[in-house]
1. What is the number of the single condition among (1) under 22 Å from ALA157 (Cβ atoms); (2) over 18 Å from the mean Cα position of the chain (by Cα) that ASP80 does not meet?
2. What number of residues in segment 150-179 are acidic (Asp, Glu) and either open to solvent by 30 Å² or more (accessible area, probe 1.4 Å) or over 16 Å from GLU135 (Cα atoms) (or both)?
3. Say whether the condition of being part of a helix (DSSP H, G or I) and more than 19 Å from the chain's Cα centre (by Cα) is met by at least one residue in segment 130-150.
4. List pairs: first residue in segment 36-62 and at pLDDT below 95, second residue surrounded by fewer than 17 Cβ atoms within 10 Å (Cβ to Cβ) anywhere in the structure, Cβ distance under 8 angstrom, at least six positions apart or on different chains.
5. Quickly run through segment 57-84 and pick out the residues that are part of a helix (DSSP H, G or I) and open to solvent by less than 40 Å² (accessible area, probe 1.4 Å).
6. May I ask you to list the residues in segment 180-215 that are farther than 23 Å from LEU133 by Cα, assigned to a loop (DSSP other than H, G, I, E, B) and open to solvent by 10 Å² or more (accessible area, probe 1.4 Å)?
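The values are calculated or read from the model by the stated rules, or taken from the named source; none is laboratory data. What you are looking at is a predicted structure, and each value in this text was computed from that prediction instead of being measured. Please note: Cβ atoms are built from the backbone with ideal geometry, for glycine as well, and neighbour counts cover all protein chains shown. Surface areas here come from the heavy atoms of the whole protein model, side chains and all, with no ligands, DNA or RNA. Shrake-Rupley method; radii C 1.70, N 1.55, O 1.52, S 1.80 Å.
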Amino acid sequence: MKTSGHSTQASVATPVDHRAGVAVETARFVAAVKDADLATAVPSCPGWTLADLIKHTGSVQRWFSVLLRARVQEPPRTRDVDLRLPDQEDGYVDWLAESATVAADAFAATDPDLPMWAWGADQHARFWARRMLFETLVHRADAELALGLRPTIDRPAAVDGIDEFLVNLPFAAFFAPKVAGLRGPGRTIRFRATDGDGDWLVRLRPDGFGLDTAHPAADTADATVRGTAADLLLLVYGRLPYDAEVLAHEGDEDLLAHWFANSAF
């Protein structure tokens, strides 16, 4: 991952090495699924099996790596990539491990501060490493949840991941169209970590929404959800409901319901 100073989070977060994080999270993913039945359903990704989850994650890593090597300056016209996907699913786990090596090679060949097209807020190569990390981390958690395991998420990565999600969500409507419905007359939602620094205030405006960074720690909010950074990361990605036992919420429940009904990524 990155160590860019582009976080808009209220508190100063521990820097995270996004590039190294991709390798770490892929290794954790591989360890979770290496002896699993790849036909196992993944409840947090309805309709998918572990095989689908592995294929998606490795494909994302290889696709982003192609973008990095091409140093794209405009939206790509095609997503056709030689994925080198094995013919048989029993080769998928090793293929996923190799995908992280493909990504590492692309990272090594690309300056993270290189200006590049990106669909989100940060128009530099580092956007893709950061995005790749959280695609990998969240889907590793999906695999573990499918196998009845409680995901462990490093706190610095969780804090950075919440920020990355909320910073980029306003730009995601082209592939997550419900995001366009996140509007309101200045209504606010706070996400607050209970295990250290981490406070995000989202403001819904008539023309859209975004993080409010002026004085978020001092402001009150119309609705608030509190939990550990790891649980908040799973929350914003829809892997936990806001009324889960590990979370606490208060304020306008209709506002929370509206947010989570339209913020699926």
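1. (1)
2. 1
3. no
4. none
5. Result: THR57, GLY58, SER59, VAL60, GLN61, ARG62, TRP63, PHE64, SER65, LEU67, LEU68.
6. Selection gives ARG183, GLY184, PRO185, GLY186, THR194, PRO206, ASP207, ASP212, THR213, ALA214, HIS215.
Results for (1) charged (D, E, K, R); (2) under 30 Å from PHE29 (Cα atoms), shown as yes or no for each residue.
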residue: GLU164; (1), (2): yes, yes
residue: PHE171; (1), (2): no, yes
residue: THR188; (1), (2): no, no
residue: ASP197; (1), (2): yes, yes
residue: GLY210; (1), (2): no, no
